[in-house]
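The values are calculated or read from the model by the stated rules, or taken from the named source; none is laboratory data. Predicted, not measured: the structure shown is a model, and the values here were computed from it. Cβ coordinates were reconstructed from backbone atoms using ideal geometry, including for glycine residues, and neighbour counts include every protein chain displayed. Accessible surface areas use protein heavy atoms only, side chains included; no ligands, DNA or RNA. Shrake-Rupley method; radii C 1.70, N 1.55, O 1.52, S 1.80 Å.
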Amino acid sequence: MRDVRRGPRLVMLGRQGAGKGTQCALLASRLGLPHLSTGALFRREAAAGTALGQRVEGCLDAGELVPDRLVLDVVIHALQGAPGGYLLDGFPRTVAQGAALFETLGPSALDLAIELVAPLEVVLPRLVERGRDDDTPEAIERRLEAYDERTSPLLVWLDSRGVLATVDAIGEPLDVHERVLAALGERLAFPLP
Ligand code: AMP
């Protein structure tokens, strides 16, 4: 049972272009939760040319997942000092990362993972418009493949543990946000602000 005195511990997942970053920003601000985006963190490190940044840069540019060990070192370290709720954006992305999250932080590491569901014909035009530096057509294709190959099994695994909610991500950001809040209300039974 969740300790109601702390905020919820949430994960947002979704294939590239599903609106993960937008929905995380809306949700983190609505619930007052710290928001940790592994993708944003890696991009910052790469831009600053740190040792970590140099190790992950090739993966970011190619659209490959960063090796689990490296991701885990960074995330677990950040979360060990977070006694309250949090919103993880883009982590975990593999079954190994999900298992490590629970092994390290215990069963209360995650209250609910929310998958933003959007079909390819919806995400592809969004990705073309977005044009981030690392959004080459090859990298986009590789990221979409990585989601199907590496993250789909994680979704099945989270569902089998009873901690997955799926939300239709088609439509205006604020409408999707309301659906995310409704899913949280339904699954976690905590008062919405
Ligand atoms: P995002 O901003 O979430 O789309 O992440 C951008 C890129 O960062 C991904 O394509 C990966 O190269 C890397 N990345 C972010 N989070 C993870 C993760 N949990 N595991 C492996 N690679 C990640």
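Some values worked out for this structure:
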read-out	value
Helical contribution to [θ] at 222 nm, DSSP H n ≥ 4, -39,500 (n - 2.57), averaged over the chain, rounded to 500	-17000 deg cm²/dmol
Accessible-area value, Ile170, 1.4 Å probe, nucleic acids and ligands omitted, Å²	80
Built amide H within the under 5 Å cut-off of Ser37, gap 5+	Asp89
Projected area averaged over orientations for region 1-95, convex hull of C-alpha atoms, nm²	7.0
Trypsin sites (Lys or Arg not before Pro) lying in DSSP loop within region 49-155, provided at most 14 other Cβ fall within 10 Å	Arg132
Solvent exposure, largest accessible area first (probe 1.4 Å, DNA, RNA and ligands not counted), of Asp73, Asp134	Asp73, Asp134
Other-chain or far-sequence residues with amide H under 5 Å of Gly7's (modelled H)	Gly85
Cα-only Debye scattering, the chain: base-10 log of I(q)/I(0) at q = 0.08, 0.09, 0.12 Å⁻¹	-0.24, -0.31, -0.57
Protein accessible area in region 105-174, 1.4 Å probe - carbon and sulfur %	57
Difference of contour (0.36 nm per residue) and Cα-Cα distance, Ala25 to Arg6	4.9 nm
Distance (nanometres) between label positions extended 7 Å along Cα→Cβ at Thr166 and Arg132	2.4
Positive dipole terminus of region 43-193, leading residue within Ala109, Gly162, Ala47 (C-beta point charges)	Ala109
Accessible area per residue, Å², the chain with all protein chains present, probe 1.4 Å	50
Region 111-185: GluC sites (Glu not before Pro) in DSSP loop, at most 11 other beta carbons within 10 Å	none
